[in-house]
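Q: Quick one: the structure is below, and I'll ask about it shortly.
The values are calculated or read from the model by the stated rules, or taken from the named source; none is laboratory data. Predicted model only: the values in this text are computed from it and were never measured. Counting neighbours? That spans all protein chains shown, and the Cβs are built from the backbone with ideal geometry, glycine included. Heads up: the accessible areas ignore ligands, DNA and RNA and are worked out on the full protein's heavy atoms, side chains in. Shrake-Rupley method; radii C 1.70, N 1.55, O 1.52, S 1.80 Å.
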Amino acid sequence: MHTYQHNIKSCFFLPFLKFFIFFRFFTIPTTMENMDLESKTVNTNFALPVDSEHKATEFRIYSVSAPHMRSFHLSWISFFSCFVSTFAAPPLLPIIRDNLDLTSTDIGNAGIAAVSGAVFARIAMGTACDLFGPRLASSALILITAPAVFLTSITNSALSFLLVRFFTGFSLATFVSTQFWMSSMFSANVVGTANGIAGGWGNLGGGATQLIMPLVFSLIHKIGANQFTAWRIAFFIPALFQALTAYAVFFLGQDMPDGDYAKLHKSGEKHKDNMLDVLYHAVTNYRGWILALTYGYCFGVELTVDNIIAQYFFDRFNVNLHTAGMIAASFGLANLFSRPGGGMLSDIVAKRFGMRGRLWVLWVVQTLGGLLCVLLGKVESLSGSIAVMLVFSVFCQAACGQTFGVVPFVSRRSLGIISGMTGGGGNVGAVLTQVIFFRGSKYSTETGITYMGIMIICCTIPILFIYFPQWGGMFYGPSSKGLTEEDYYMKEWNLKEKENGFHQASMKFAGNSRSERGKKVESVPTPIDETPNI
């Protein structure tokens with residue numbers, strides 16, 4: 001067993017090194033030509049070429065230029081810190097379990113609490129982003145939840161452990177601000193890539209913490225602290241990291257390409273929207289609800305696996321704590337390339353097949369992920385389980401990136417709440433899955449994993465019913481009524497608002513989103529005067 005574990009450690013990072021080289025070669029820099037070149041402008045005030053909304057039309061990953069690429073790096077690093085904090089406990093559960101006398105039900109409840117706290121927080125975050133901007137919304141939440149991470153070090157019961165995991169989990173709502181921020185900074189032709197990489201590298205924290213926390217614990221333990229003291233001290237590392245990223249976002253970030261919300265509201269360049277109107281247009285758009293459901297069984301599954309996988313390998317295959325942590329880390333670390341790859345694939349397919357291509361690739365990839373999850377629950381060998389888990393992680397996380405290749409086009413006015421609904425759906429899926437399959441002893445963990453795979457397949461089917469009248473759906477082309485992008489996005493504004501010019505940003509977005517027609521998909525003609533059909 002020791003020789004086998006040594007082999008696992010020695011070759012563990014080789015696949016990730018290969019994928020990173022592949023990812024770097026094919027993605028840096030990422031440049032895609034917009035289908036509507038007339039909407040693309042070059043503004044000397046920005047380091048990157050931009051469209052009519054001043055959103056970047058190129059994605060240069062090594063750049064830190066303000067505001068586009070600086071916002072990208074601030075968003076993923078801050079989200080990464082929140083993931084590290086939220087999932088800092090699972091890799092140390094064998095020690096924490098003995099210290100606090102936790103039962104399997106206590107552990108299951110704490111895992112559910114960690115992801116349930118963000119359900120409504122994500123919806124609230126979407127509203128906050130729409131009204132106040134992603135910089136202020138994100139930094140405030142990160143800073144408010146940091147004390148819960150510090151307080152983990154003084155928990156002394158199952159209830160206090162559950163509470164700190166619950167409140168720490170609120171920080172995962174920063175995912176919504178991350179996706180909103182990227183959708184506000186990057187144009188239609190690269191928004192899937194930007195969302196995928198920012199979300200994927202943020203989610204990477206769920207894998208990194210599986211390595212970081214056992215390492216920090218081991219170092220503190222070797223210095224002289226006993227193991228029940230060492231795990232408590234270890235929590236100061238993710239807590240401090242999270243607090244520092246909050247200050248970085250607040251002082252170094254910028255809401256929009258043209259400035260912060262407060263400045264734009266004051267100058268009149270952006271009108272202060274009505275929360276009820278924004279909410280109405282979000283909850284009445286059925287596409288947002290379908291994406292929330294399907295996201296519950298890609299990202300929701302990822303959260304579930306982050307909570308259960310280390311203990312699963314520790315208990316079922318009798319590996320030691322460090323090895324179980326390394327195996328579990330491989331699932332989250334796949335986010336280095338898998339979720340970004342999903343977003344890139346969505347953009348690449350859309351360039352040729354438009355929105356219909358985005359929907360098709362999302363359905364195919366997530367369904368294959370469900371089949372692999374079923375297989376994972378059936379494999380009985382350690383090496384086979386690791387292999388299937390690695391492939392499953394790629395498809396699961398790629399589907400997350402592809403989901404947010406579609407989300408930015410559902411609504412322009414209510415983008416924040418649509419993002420929040422979808423992100424919240426991910427947490428709801430995680431909560432339901434853990435309550436049904438991984439709480440208590442009704443099902444063995446391997447049986448729960450198999451049933452989880454079946455749910456993935458079933459909950460992906462509704463993607464077939466998503467239809468955009470200007471672009472079509474998976475099985476049907478655009479509406480025969482000749483509706484345009486302008487018609488679709490102008491429905492969110494009433495006549496009085498249009499007279500006041502509040503709809504101008506949506507008009508610009510409509511023009512920039514014509515690339516979703518694709519080259520191979522028949523689409524509606526654009527009115528010569530760009531006036532929506534009535």
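Q: For the list (1) at pLDDT 90 or above; (2) over 20 Å from the mean Cα position of the chain (by Cα), I need the number of the one condition that residue 139 fails.
A: All conditions are met except number (2).
Q: A follow-up question, please. Out of the residues in the stretch 248-281 that are over 17 Å from residue 178 (Cβ atoms) and under 23 Å from the mean Cα position of the chain (by Cα), which is surrounded by the fewest Cβ atoms within 10 Å (Cβ to Cβ)?
A: 279
Q: Shifting gears a bit: Can you tell me how many residues within the stretch 213-230 are touching a helix residue (DSSP H, G or I) at 6+ places or on another chain (Cβ under 6 Å) and farther than 16 Å from residue 326 by Cβ?
A: Narrowing the stretch 213-230 to residues touching a helix residue (DSSP H, G or I) at 6+ places or on another chain (Cβ under 6 Å): 213-214, 216-217, 220-221, 227-228, 230.
Then keep just the ones that are farther than 16 Å from residue 326 by Cβ; that gives 220-221, 227-228, 230.
Of the residues in the stretch 213-230, 5 are touching a helix residue (DSSP H, G or I) at 6+ places or on another chain (Cβ under 6 Å) and farther than 16 Å from residue 326 by Cβ.
Q: Do you know which residues across the stretch 43-87 are open to solvent by 30 Å² or more (accessible area, probe 1.4 Å), basic (Lys, Arg) and touching a Pro at 6+ places or on another chain (Cβ under 7 Å)?
A: If the condition is that a residue be open to solvent by 30 Å² or more (accessible area, probe 1.4 Å), basic (Lys, Arg) and touching a Pro at 6+ places or on another chain (Cβ under 7 Å), then 60 is the only one that fits.
Q: Answer with yes or no whether residue 225 is without any contact (Cβ under 8 Å) to a residue 12 or more places away in the chain, open to solvent by 20 Å² or more (accessible area, probe 1.4 Å) and among the small types (Gly, Ala, Ser).
A: Answer is yes for this residue.
Q: Any chance you could count how many residues in the stretch 88-104 are of a type in the set (A, V, I, L, M) and surrounded by 24 or more Cβ atoms within 10 Å (Cβ to Cβ)?
A: Matching residues across the stretch 88-104 total 3.
Q: A further question on this structure: For the stretch 290-313, state whether one or more residues are without any contact (Cβ under 8 Å) to a residue 60 or more places away in the chain, open to solvent by 10 Å² or more (accessible area, probe 1.4 Å) and among the polar types (S, T, N, Q).
A: Scanning the stretch 290-313, I find no residue that is without any contact (Cβ under 8 Å) to a residue 60 or more places away in the chain, open to solvent by 10 Å² or more (accessible area, probe 1.4 Å) and among the polar types (S, T, N, Q), so the answer is no.
Q: Shifting gears a bit: Could you say which residue among 86, 127 is closer than 26 Å to residue 436 by Cβ and either of a type outside the set (Ser, Thr, Tyr) or modelled with pLDDT under 95 (or both)?
A: From the options 86, 127, the qualifying one is 86.
Q: Please verify whether the stretch 115-136 includes one or more residues that are closer than 17 Å to residue 243 by Cβ, in a helix (DSSP H, G or I), of a type outside the set (Phe, Trp, Tyr) and open to solvent by 10 Å² or more (accessible area, probe 1.4 Å).
A: Yes, the stretch 115-136 contains a residue that is closer than 17 Å to residue 243 by Cβ, in a helix (DSSP H, G or I), of a type outside the set (Phe, Trp, Tyr) and open to solvent by 10 Å² or more (accessible area, probe 1.4 Å).
Q: Right, another one. Can you find, within the stretch 200-222, the residue that is farthest from residue 423 (Cα to Cα) among those that are free of Cβ contacts under 8 Å to residues at least 60 places away in the same chain and open to solvent by 50 Å² or more (accessible area, probe 1.4 Å)?
A: So the residue we want is 222.
Q: Another question about this same structure. Pairs, please: C-beta under 9 Å, at least 6 apart or cross-chain, first residue farther than 12 Å from residue 86 by Cα and in the stretch 138-163, second open to solvent by 30 Å² or more (accessible area, probe 1.4 Å) and part of a loop (DSSP other than H, G, I, E, B)?
A: Listed pairs, sorted by first residue: 157/101; 158/101; 158/103.
Q: Looking at the stretch 422-441, can you tell me whether even one residue there is over 19 Å from residue 306 (Cβ atoms), open to solvent by 10 Å² or more (accessible area, probe 1.4 Å) and charged (D, E, K, R)?
A: no
Q: Could you grab me the full set of residues in the stretch 455-480 that are part of a loop (DSSP other than H, G, I, E, B), surrounded by fewer than 20 Cβ atoms within 10 Å (Cβ to Cβ) and in contact (Cβ under 8 Å) with a residue 40 or more places away in the chain?
A: The answer is 474, 477, 479.
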